[in-house]
Each structure stands twice: as structure tokens, then as C-alpha cells.
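Step one of this worksheet: look at the structure below.
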Amino acid sequence: MRSRPKFRKYSDHPASAEPFWTPKQIGRRWQVSARTVRRLIEFGELPASRMGMQMRVKHADLLAYENAQAITTERGDPTKEDQDAHEAGL
């Protein structure tokens, strides 16, 4: 008799080393609705991937979006120099 294959939980899978966020989790983090987050995804402002029927945002993409928003809100629209400095980690 053959044994059934063992499946790992998604969180145990080596490819899932980087955490993913749902629109609902991001909404709670930002204190906005999940619909607002989905709109950002639909408009292409926040990168996301589809996993089955669900949308997921990589942690790195979430942090990059938040950092870009912080630059914009601190000093108005970022200049090319601001963007270059941000990308260089300054």
C-alpha cells in the first residue's frame, strides 16, 4: 500500500520565505478598508500577485510603497534627486 504524499503548510514551504500580506491585513495596518487597498492594487500603485482567488502583496513591496508615500508626504511630490537618494538608501 502506498502512503499518501505529505504536503507542507504554505508557511513551511521554502518558496514562502518572504511573507505576504492580504488586502485586509494591510487595511488594518493603515487603518483603511480592504477595498481601498484593492483599489491601489487595481490602479497599479501597489504591486500584488494572485494566489488562487486571493490577492497577496509581498512584504518588500509593501515597505517600498510605504517608504515612497513617506517621502511624498514629508516634502510634497518627490523630485528625481529624492527618488535617487531613496533608492541609494540615503
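Once you place label points 7 Å from the Cα toward the Cβ at Lys24 and Arg39, how far apart are they in nm?
Once both label points are built, they end up 2.1 nm from each other.
Which order do Leu46, Leu40, Leu63 fall in if you start with the one that has the fewest other Cβ atoms within 10 Å?
Going from sparsest to densest Cβ surroundings: Leu63, Leu40, Leu46.
No value in this document is a laboratory result; all are computed from the given coordinates. The shown structure was predicted, so the numbers you read here are calculated from the model rather than taken from an experiment. Using ideal geometry, Cβ is built from the backbone for each residue, glycine included, and neighbour counts are taken over all protein chains shown.
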